[in-house]
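Each value in this text was obtained by applying a stated rule to the coordinates, not by laboratory testing. Quick caveat: nothing in here was measured; it's all calculated off a predicted structure. No Cβ is skipped: glycine too gets one built from the backbone with ideal geometry, and neighbour counts run over all protein chains shown.
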Amino acid sequence: MEFISVFDIFKIGVGPSSSHTLGPWRAAENFINSCNISGIVLDGAKLSVSLYGSLSLTGKGHATDLAIILGLSGFDPEIVDTDSIPSIIESVKLLKSLKNENFSLSFDPDTDIRFENDFLPYHANGIIFTVESPGGKVYSETYFSVGGGFIIREGDSLKILANNRPHPFPIQNSVELLRYCKRHYKLISDIVLDNELVDRNIEQINSGLIRIWDVMLESMYKGCHTTGYLPGALRVKRRAADVTRTLLSDDEIQDKWKWMNHIRSSNSGFQEILKWVGSFAIAVNEVNASFGRVVTAPTNGSAGVIPAVLMYYLCFVDKEAGDSEIIRFLCTAGEIGCIFKKGSTISAAMGGCQAEIGVSSAMAAAGLTELMGGTPEQCTIAAEVAMEHHLGMTCDPIGGLVQIPCIERNSMGAIKAINAASIALDRKPEDIKVPLDNVIATMWETAKDMNRKYKETSEGGLATAVNIIDC
């Protein structure tokens, strides 16, 4: 696999799922753009969408159908007004058509989005878009949502999709990464920035990463100040705001930056810090579960781990830290995520929850270790420790919703990341028995051995042991 940018790992989008919401949304955008470019789609043609595999089995709970409507309608998940989403969906359903400046397509979401029983060969998340013209001519494209918001169109070469510009430090695994760090006396974040400078200038990199952090902070702030219940049949009660209220009585703070500084100024003990970290992570994923804006880290289902761990550092470890530390953390964490994607998977439909919470915990552990003065070797030790204790974790969401057990797992992943960093900072590289690349290979072997029903299908585990009606 070619170069993957930190901006590919951290994508701004809308919840509840990167593979089941953001990926299909982007695929729908791409398909409509292809229709516009091809010029073969005539006014009055009929559009249909078929979902396969995990997208079909849990698509309703993950709002895959709604994401496809939004993508086909030309809305960008980075900037769409999330409050307007219900009215956009309702309008398309009422009109039973999609209109743009080039054509009007007949499209009834209730009948033209089809949840198929089959799996397509390449990947568990398959989508086929088909347009039939009034004269009977058919134009079709097949896409796969491969995790973390990444999509592949059938027939496209991975080499074409990849960024093939030469980068100073091509990285396939952690051994190569550490070799560069040692040879050039650089931290992991330095190596990442040198690679990113091929495609962006330093101002664009810094502003882009701070924007990513701004969205992360906004999702924590919003989640910690929103009460009520999450959408869906489970009627899950939001918890982050209630816990936050017990920790910070002043709820008149209307600005996320002032809120963060208020937390920094508090004199929190161990139990309070533990509750804060859990609340940060849960808050993000309560926003994610309610079709809110979050950052894939590396997925939407695991979006709360990295913000929670970085917030932990900023509020309770180094209260003077600022943009420089945020950028270093995201660069280091992002590179670990890239290595996992190259050596294994970040798709729960391919690898279970170890591919989401496990990877995010490993990423966060590495980023925290660098900020706490750890060497590059200790950063990879932290990532290995975090993943080692997520191996085999299944993805079995109740009702196909990214709520139970997904939201709490973000809290657990964040705590494991902090603990993994602490363990790594006390270790010497020569004493390590399991290198990071070995645990990545083990994770992939575990993913291949895992029964398909435990890979985001809601056909096993908690999804079948707990009935929605009992909740």
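Once the other residues with Cβ under 14 Å from the Cβ of ILE282 are scored (Lys, Arg +1; Asp, Glu -1), what is the net sum? Walk me through the numbers before you get to the answer.
Details: positive: LYS222, LYS237, ARG238, ARG239, ARG245, LYS275, ARG409; negative: ASP242, GLU286, GLU408.
Around ILE282, the surrounding residues sum to +4.
Could you give the size of the charge dipole of the chain about its Cα centre, using +1 on the Cβ of each K and R and -1 on the Cβ of each D and E, expressed in debye and rounded to the nearest 20?
380 debye
Can you name the helices of the chain, as whole DSSP H runs, whose Cα span along the helix axis is 24 Å or more and whose Kyte-Doolittle mean is not below -1.0?
Qualifying helices, which must be both long enough and hydrophobic enough, are 202-223, 270-289, 323-343, 406-425.
Which whole-number percent is the relative contact order of the range 174-464 (Cα, under 8 Å, 6+ apart)?
Relative contact order of the range 174-464: 20 percent.
Based on Cα positions only, what radius of gyration and what Dmax would you give for the range 364-448, in angstroms?
14.2, 46
Excluding CYS406 itself, what net charge comes from residues whose Cβ is under 13 Å from its Cβ, given Lys and Arg +1 and Asp and Glu -1?
-4
Quick check: the distance between the Cα centres of the range 239-293 and the range 338-357, to the nearest angstrom?
A separation of 28 Å, based on Cα centres.
For n ≥ 4 DSSP H runs only, could you compute -39500 (n - 2.57) per run for the chain, divide by its residues and tell me the 222 nm figure to the nearest 500?
Roughly -15000 deg cm²/dmol at 222 nm, from the helical runs in the chain.
ASP76: net charge of surrounding residues, Cβ under 15 Å, Lys/Arg +1, Asp/Glu -1, itself excluded?
Summing Lys/Arg as +1 and Asp/Glu as -1 gives +1.
How about LYS256: which lysines have a C-alpha closer than 22 Å to its C-alpha, ignoring those fewer than 8 places off in the same chain?
Result set, ordered by chain and number: LYS11, LYS222, LYS275, LYS319.
Defining a contact as two alpha carbons under 8 Å apart and six or more residues distant in sequence, what relative contact order in percent does the range 19-161 show?
Answer for the range 19-161 is 37 percent.
Treat every Asp and Glu Cβ in the range 190-307 as -1 and every Lys and Arg Cβ as +1, leave all other atoms uncharged, and give the resulting dipole magnitude about the Cα centre to the nearest 20 debye.
620 debye
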